[in-house]
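K.L.:
Mind looking over this structure? Questions follow.
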Amino acid sequence: MNFPNRFLLVDDDPVNNVLTKLTIKRTFNSVEIIDFTEPDEALAFIKEECENSPTPSLLLLDINMPSLSGWEVLERLSEIEGAVKKYFVIFMLSSSVDPSDRDRAQKNPIVTGYFEKPLLQEQLLELPPMFHSNLEES
């Protein structure tokens, strides 16, 4: 899969969403960013995308959210794992420094990586080089 030109951000903290969007925009000029503060809305959006004409996307998913944790979101996404793996690159984005969270993310078959908050430009620049070339071409 080519690296997506769209980022989906799922985090219950609107301030963190603004900061994350600014970091993404500073790093990659012309990407679309859609943010959700409600995990259920993000799930509905992703499922609808998978049923219709999905746009490849990088999903940044918070772990600790009040209504539905990032782990619960991953469980629900695993129900449509084939489509998710085909069209979405998933990174956990969390303030958690608990090693068990990082380990759990690494063991999840639909999770590509783990970033600690706040998201830094350096973290985005660590994405595999093929991802950068696709983003810069857009």
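Each reported figure results from applying straightforward, stated rules to the coordinates on display, with no laboratory input. All of these numbers come straight from a predicted model, not from anything done at the bench. Cβ sites come from the backbone with ideal geometry, for glycine too, and all protein chains shown count toward neighbours.
K.L.:
Using the Kirkwood radius over C-alpha pairs as Rh, can you work out the diffusion coefficient of region 6-137 via Stokes-Einstein at 4 °C, viscosity 1.567 mPa s, in µm² per second?
P.N.:
For the chosen part, D equals 87 µm²/s.
K.L.:
As an exercise, use a Förster radius of 22 Å and the Cβ-Cβ distance of residue 34 and residue 126 to find the FRET efficiency, rounded to the nearest 0.05.
P.N.:
That gives a FRET efficiency of 0.45.
K.L.:
What is the spin-label model distance, in nm, from residue 106 to residue 86 if the labels are put 7 Å beyond Cα along the C-beta direction?
P.N.:
Here the modelled spin labels are 3.1 nm apart.
K.L.:
Next up: Can you pull the one-decimal nm distance between simple spin-label points at residue 19 and residue 78, each 7 Å off the Cα toward Cβ?
P.N.:
3.1
K.L.:
Give the order of 65, 92 when sorted by the count of other beta carbons within 10 angstrom, beginning with the fewest. Could the numbers behind the result be given before it?
P.N.:
Details: 65 19, 92 25.
Ranked by crowding around the Cβ, least crowded first: 65, 92.
K.L.:
Viscosity 1.567 mPa s, temperature 4 °C: what is the translational diffusion coefficient of region 90-131 from Stokes-Einstein with a Kirkwood Rh over Cα pairs, rounded to a whole number of µm²/s?
P.N.:
Details: Rh = 10.9 Å.
It diffuses with D of about 119 µm²/s by this estimate.
K.L.:
Quick one: length gained pulling residue 97 to residue 47 fully straight, 0.36 nm per residue minus the C-alpha distance?
P.N.:
15.0 nm
K.L.:
Counting Lys and Arg as +1 and Asp and Glu as -1, each charge on the Cβ, what is the dipole of region 6-137 about the Cα centre in debye, to the nearest 20?
P.N.:
Result for region 6-137 is approximately 380 debye, rounded to the nearest 20.
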